[in-house]
Amino acid sequence: MHDVLNGKKSIFFDVGYTLDYPASGDWMFTNRFLKYAGDRLKTISPERIRSAREKGLQYLTEAHLLHDIDEEQDRFRHYYAIISDALELGLSEQQCRNAAYDRACNMENYVIYPDAKKVLETLSTSFSLGIISDTWPSIGMQLGTLGIGHYFSFATYSYELGVFKPDERMYLDALSKCGCAPEETVFIDDVPRNLEGAARLGITPVLIAAEPASDIEVFCTKIHSLSELLQ
C-alpha cells in the first residue's frame, strides 16, 4: 500500500476525474447537447462560451439543494436554456428538456477509469470507503451503473447539503458518517482547493492527476492513477 495510507482507517473519494470521466470530454456539454448545438458552437469565441458557462453555473450553484432526479432535470433544463440564449444557439424548449434528461439519466455519459474497480475492491478489504462529491441526485444511478456503488459505506453529496467543496460542511458531514478522527482519513480529489479545505480540518489530502489539467505542483501527495494507492 502507498505510504500515505499508513495508519488510516477511512478513504474518501471524489467521483469526477477520480473514479470516472465524461464521455464527451465535458461534464456539462454532453454528446446530446453538442449534437443539438451542432456547428454553431464552433463559430463562437471561447470568451463567449466561458461567459455563458459562468452564467449557467451561477444558476446551478444558487439552486443546488435538491431532493430527486426530477428536480435535477428541471435545473439542467434551465441551465441549457441559459446556455442556448447566451450563445444564440436556438435550442427549443423540448431540446433543452431532452438535453437535461440525457445529462441526468443517460449513464453512457460516464466512463469509469480502467483501474477503479480493482483498486476499490482491494482497498475495501482494509479500509472503510466513502465519497465526498459535488454532484446531483443521479449519482446513485451513476455509481450503480459503473458497478462500484457497493464499495462505499457512506457518502457526502453537495446537492443534499446545498453547498460545494471546499465548504467545511462537506468534510464535517463525511467525518461524522465515517466515525473516524480526521487524522485517520484520506481524501482523494483532482482539485487542489478541495484538498486544501480537507487539510484545514486535519484530513490527509491526495491529489489525483489522472487528467493533464490536474498534473500541477501541489502541497500534498500526488498520484496519477488510483493504482498507485496499491503500490
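The values are calculated or read from the model by the stated rules, or taken from the named source; none is laboratory data. Computed from a predicted model, the values in this text were never measured in an experiment. Cβ: placed from backbone, ideal geometry, glycine included. Neighbour counts: every protein chain shown. Keep in mind that these areas ignore ligands, DNA and RNA; they rest on the heavy atoms of the full protein, side chains included. Shrake-Rupley method; radii C 1.70, N 1.55, O 1.52, S 1.80 Å.
Descriptive notes on the structure:
- Single residue of Ser51, Ser128, Ser84 found to be open to solvent by less than 40 Å² (accessible area, probe 1.4 Å) and out of contact with any Lys or Arg (no Cβ under 9 Å at 6 or more places or on another chain): Ser84
- Of the residues Tyr17, Tyr59, the single one that is farther than 30 Å from Ser225 by Cβ, among the aromatic types (Phe, Trp, Tyr) and either in contact with a helix residue (DSSP H, G or I) (Cβ under 9 Å, 6 or more places away or on another chain) or open to solvent by 40 Å² or more (accessible area, probe 1.4 Å) (or both) is Tyr59.
- Scope segment 24-48; condition of a type in the set (A, V, I, L, M) and open to solvent by less than 50 Å² (accessible area, probe 1.4 Å); matching residues: Met28, Ala37, Leu41, Ile44
- Per-region count, segment 1-56, residues touching a residue at least 24 places away in the same chain (Cβ under 8 Å) and assigned to a loop (DSSP other than H, G, I, E, B): 15
- Selection status of Tyr110, in contact with an Asp or Glu (Cβ under 7 Å, 6 or more places away or on another chain), of a type outside the set (Val, Ile, Thr) and in contact (Cβ under 8 Å) with a residue 24 or more places away in the chain: yes
- Residues of segment 163-185 that turn out to be over 14 Å from Lys9 (Cβ atoms) and either of a type outside the set (Gly, Ala, Ser) or modelled with pLDDT under 95 (or both), as a count: 11
- In segment 57-114, the residues that are among the hydroxyl-bearing types (Ser, Thr, Tyr) and under 19 Å from Val163 (Cβ atoms): Tyr59, Thr61, Tyr79
- Some residue of segment 68-76 being closer than 30 Å to Met1 by Cα and surrounded by fewer than 15 Cβ atoms within 10 Å (Cβ to Cβ): no
- Take the conditions (1) open to solvent by less than 20 Å² (accessible area, probe 1.4 Å); (2) more than 16 Å from the chain's Cα centre (by Cα); (3) within 19 Å of Ile139 (Cα to Cα); Ala104 misses just one of them, which is (2).
- Remark: pairs (first residue in segment 152-172, free of Cβ contacts under 8 Å to residues at least 12 places away in the same chain; second residue of a type in the set (Val, Ile, Thr) and surrounded by fewer than 17 Cβ atoms within 10 Å (Cβ to Cβ); Cβ separation under 9 Å; 6+ apart in sequence or on different chains) are absent.
Residue-by-condition table, conditions (1) among the hydrophobic types (A, V, I, L, M, F, W, C); (2) buried (at least 17 other Cβ atoms within 10 Å of the Cβ); (3) more than 15 Å from the chain's Cα centre (by Cα):
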residue: Ser158; (1), (2), (3): no, yes, no
residue: Val163; (1), (2), (3): yes, yes, no
residue: Glu168; (1), (2), (3): no, no, yes
residue: Leu172; (1), (2), (3): yes, no, yes
residue: Leu175; (1), (2), (3): yes, yes, yes
residue: Cys178; (1), (2), (3): yes, yes, yes
residue: Glu184; (1), (2), (3): no, yes, yes
residue: Val191; (1), (2), (3): yes, yes, no
residue: Gly197; (1), (2), (3): no, yes, yes
